[in-house]
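Please treat every number below as a calculation from the coordinates, not as lab data. Just so you know, these numbers come straight off a predicted model, no measurement behind them. As a convention, Cβ positions derive from the backbone with ideal geometry for all residues, glycine included, and neighbour counts pool all protein chains shown.
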Amino acid sequence: MTRILHRQIHAPLRTATGGRGVELFDQEGRAYIDASGGAAVSCLGHGHPDVIAALHAQADRLAYAHTSFFTSEPAEALAERLVTDAPADLDYVYFVSGGSEAVEAALKMARQYFVEIGQPGRSRIVARRQSYHGNTLGALAAGGNEWRRAQFRPLLIETHHIDPCYAYRYQRPGESEAEYGLRAAQALEDKLLELGPETVMAFVAEPVVGATAGAVPAATGYLRRVREICDRYGVLLILDEVMCGMGRTGTLHACEQDGVAPDLMPVAKGLGGGYQPIGATFLSGRIYDAFANGSGLFQHGHTYICHPMACAAALAVQEVIARENLLDNVKAMGRHLRRRLTERFGNHPHVGDIRGRGLFMGVELVEDRGSKAPFAPALKLNGRVKREAMERGLAVYPAGGTIDGVHGDHVLLAPPFIIDAATVDTIVERLGEALDAAI
Ligand code: PLP
């Protein structure tokens, strides 16, 4: 009997009692390969001695000091490190406790920016269908996952959703990927013109869509055109890298691969690698200056911003990633994972698409490859795949989304950056068995 309101009240959970490297262990001592890092969180795997040592040392020195009185050494050091490696102009960072808070902070920064610079008429948000930006009300409003939003709609601020950039579903026959990318981006300009661009403050998008669509990267040229459109109409670009950022795709930030820098960039999961709850919102010097030269404050703040323990853990995680050149392993193992997935599922009757970047891969499951028809929601295929995988010692994150209003099933793979080729092979083998058993 549990006294916790768990996510799924009627699905009993095993108790995780330990973790080492890429494996998690339950109360019966069974081992699971953490093939999705939870939900793309555990980038270093579990029990890394350097992170544990950094946490011990920080707990010994200082666990907490309120930010209206003090800053702290780990927070300052982490900020310095992050902005040094950030895309152009993202010169400042704001620390929070997770992804939703980081998105909320970005939305409020966008709004306050326009108030500070004398454009208070800009308050509208444009975002995309089939996106996920978090579960707090502002982030949920920006997200385009109807299943998550439906019952809370009366509480959500108005957001204007355009079609996602999702080549497998929306690229037309005969259209190149680059042509599709430009056509998908045009939806943004059309929406801005419809709303009146002077009323819009920000466009929000995930460079590689995670939780709702299963690692769908932007088509070639899409984000560049989006950046141009935002600049043309004075709209801020928020790229949500909460899931796809911090090295997951093989570069520190996913948007680097698209040659684009946003104005605001929330990150979270891989920042602290699960060792502590932490998120961050990067902001450009232009936005910082508007606050600094205007009201002199950011009208926001939670009790746990810049938490010293969280910052110390994230700093240690980021130092290990750099010192051990783990992004090289993300690239190499990402290629290996893609190759193995293609070998195993390339002709599978129920695998419609294999996509992603680096160690962030999605497998889309369809009833019929020819028509791309998804499985009936009543089958609850996601849950079945997850259960069958767990039975085989594999923890994978089933990402469910809505495709043209119909539920769709995907499996998201996001293993720790330390993974080796043999473990990748085992993941693909167990996933194959789990899919065959579930479908
Ligand atoms: N944004 C994206 C792209 C996400 O994938 C998520 C979580 O999955 C969030 C925001 C919300 O992050 P959190 O669950 O840490 O609040």
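Between T303, T342, T15, the Gaussian network model of the chain with springs among Cα atoms under 10 angstrom shows the greatest mean-square fluctuation at T15. Alpha carbon centre of the range 95-137 versus the range 308-350: separation in Å? If you average the Cα positions of each part, the centres end up 29 Å apart. The GNM of the chain, with springs linking C-alpha atoms under 10 angstrom apart, assigns the highest mean-square fluctuation among A141, A40, A16 to A16. A Cα-only calculation for the range 318-415 places Rg and Dmax at 15.2, 47 Å.
Roughly speaking, what is the stretch gain from A77 to R232, that is 0.36 nm per residue apart minus the C-alpha to C-alpha distance, in nm to one decimal?
Working: separation 155, 0.36 × 155 = 55.80 nm, distance 3.58 nm.
Difference between extended and current length: 52.2 nm.
For the chain, averaging the sequence separation of C-alpha pairs within contact (under 8 Å, six or more residues apart) and dividing by the residue count gives a relative contact order of 22 percent. Given the C-alpha centroids of the range 58-77 and the range 218-247, what is the distance between them in whole angstrom? Cα centres, the range 58-77 to the range 218-247: 33 Å.
Can you list the trypsin sites (Lys or Arg not before Pro) in the range 9-113 that are in a DSSP coil and have 16 or fewer other beta carbons within 10 angstrom?
The qualifying sites are R14, R30.
Other residues whose C-beta falls under 11 angstrom from the C-beta of G99 contribute a net charge of -4, scoring Lys and Arg +1 and Asp and Glu -1. Extension gain for N293 to T136 (0.36 nm times residue separation, less C-alpha to C-alpha distance): 53.5 nm. About the centre of its Cα atoms, the chain shows a dipole size close to 900 debye [charges on the beta carbon of Lys, Arg (+1) and Asp, Glu (-1) only; nearest 20 debye]. Each other residue within a Cβ distance under 14 Å of V242 adds +1 if Lys or Arg and -1 if Asp or Glu, for a net charge of -3. Can you compute log10 of I(q)/I(0) for the range 53-323 with the Debye formula, treating each Cα as one identical point scatterer, at q = 0.09, 0.10, 0.16 Å⁻¹? Taking Cα atoms of the range 53-323 as identical point scatterers yields -0.40, -0.49, -1.23. For the chain, the number of Lys pairs with C-alpha atoms closer than 30 Å, counting only pairs eight or more positions apart or on separate chains, is 10. By the Kirkwood approach, averaging reciprocal distances over each pair of separate Cα atoms, the range 55-119 gets a hydrodynamic radius of 14.2 Å.
Efficiency by 1/(1 + (r/R0)^6): what FRET value for E158 and T220, r their Cβ-Cβ distance, R0 = 41 Å, to the nearest 0.05? Here the calculated transfer efficiency is 0.80.
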